[in-house]
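The values are calculated or read from the model by the stated rules, or taken from the named source; none is laboratory data. Because the structure is a prediction, the values reported are computed rather than measured. Neighbour counts run over all protein chains shown; Cβ positions are idealised from the backbone, glycine included.
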């Protein structure tokens with residue numbers, strides 16, 4: 001139940017004592033199905049969100065006092081984000097609650113609060129985006145460029161979320177010992193690449209292909225990125241050839257008479273948003 005005010009010398013009824021004890025073991029729950037702004041009566045209760053789409057619970061100042069707490073939980077399929085209105089909300093976890101996530105909102109003053117994550121897994125997969133490329137692509141430049149069609153865009157739910165990038169591709173050559181390199185990028189900036197060392201190529205993968213004509217190599221890997229944004233963010237795989245004017249091919253070998261060279265593969269890039 002909501003907090004009550006008692007006066008000196010007041011005699012409590014059995015119903016009042018039972019209600020107080022019940023709240024210790026079974027907090028009053030108010031269920032919301034749309035965006036909600038906390039009110040003073042929420043102190044000491046559980047605010048439960050149950051919505052299929054994304055929602056927010058907003059925290060404003062001058063409603064609560066130092067030491068006040070309330071529990072916020074999300075049982076709906078949509079992400080519920082605890083949002084600082086006129087108050088501040090700090091956390092070491094995530095303010096974006098996936099289904100079955102929750103935690104305690106604790107006030108250190110009337111306008112300052114801390115959200116302690118609990119009642120759900122510390123880290124959850126919040127969304128997944130994937131792209132599959134089935135056609136071919138060729139690159140004869142020694143300058144890295146995006147593999148057409150091998151990009152994926154994700155919009156993180158919170159600025160503290162991490163993005164797990166997983167990629168898979170195949171590359172073939174049409175000249176003995178010609179090699180290529182793959183590089184992962186976020187919004188056009190290379191990420192997950194090797195350290196600079198003289199004139200060494202800074203790539204995400206070691207050299208791929210090479211050897212005899214039509215040799216095909218498979219590259220696959222993953223990288224956990226921290227984009228620190230809630231804006232739409234595009235990840236891409238880029239490729240470059242070792243030899244100017246000599247092509248390396250994605251999803252195929254050379255167009256040779258060897259039937260094996262005509263085999264086709266696929267390439268994929270998958271993004272998973274992981275709550276902090």
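Laid out as a table, the results:
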item: Criterion: on the phi < 0 side of the Ramachandran plot and out of contact with any strand residue (DSSP E or B) (no Cβ under 9 Å at 6 or more places or on another chain) - qualifying residue of 52, 87; result: 52
item: Test for residue 54: is it under 22 Å from residue 153 (Cα atoms) and surrounded by 20 or more Cβ atoms within 10 Å (Cβ to Cβ); result: no
item: Selected residue (criterion: farthest from the chain's Cα centre (by Cα)) from residues of region 136-151 that are surrounded by fewer than 20 Cβ atoms within 10 Å (Cβ to Cβ) and part of a strand (DSSP E or B); result: 138
item: Failed item, numbered, when residue 212 is tested on (1) at pLDDT 90 or above; (2) surrounded by fewer than 17 Cβ atoms within 10 Å (Cβ to Cβ); result: (1)
item: Total residues in region 37-73, condition farther than 17 Å from residue 87 by Cα and touching a helix residue (DSSP H, G or I) at 6+ places or on another chain (Cβ under 6 Å); result: 0
item: Exclusive hit being assigned to a loop (DSSP other than H, G, I, E, B) and modelled with pLDDT under 70, set 10, 27, 4, 21; result: 4
item: Some residue of region 157-164 being within 30 Å of residue 245 (Cα to Cα), in a loop (DSSP other than H, G, I, E, B), outside the structural domain of residue 91 (by TED's automatic domain parsing) and at pLDDT below 95; result: no
item: In region 30-51, residue farthest from the chain's Cα centre (by Cα) [restricted to those that are surrounded by fewer than 16 Cβ atoms within 10 Å (Cβ to Cβ) and part of a strand (DSSP E or B)]; result: 30
item: The lone exception for residue 275 - which of (1) loosely packed, with under 15 Cβ neighbours inside 10 Å; (2) at pLDDT below 95; (3) in contact with a strand residue (DSSP E or B) (Cβ under 7 Å, 6 or more places away or on another chain) it fails; result: (1)
item: Qualifying residue in region 243-256 (condition: assigned to a strand (DSSP E or B), surrounded by 18 or more Cβ atoms within 10 Å (Cβ to Cβ) and either under 25 Å from the mean Cα position of the chain (by Cα) or modelled with pLDDT of 95 or more (or both)); result: no
item: Residue in region 165-175 that is modelled with pLDDT under 85, surrounded by fewer than 14 Cβ atoms within 10 Å (Cβ to Cβ) and more than 21 Å from the chain's Cα centre (by Cα) present; result: no
item: Subset tally (residues that are part of a loop (DSSP other than H, G, I, E, B) and either modelled with pLDDT of 80 or more or surrounded by fewer than 17 Cβ atoms within 10 Å (Cβ to Cβ) (or both)) for region 176-196; result: 9
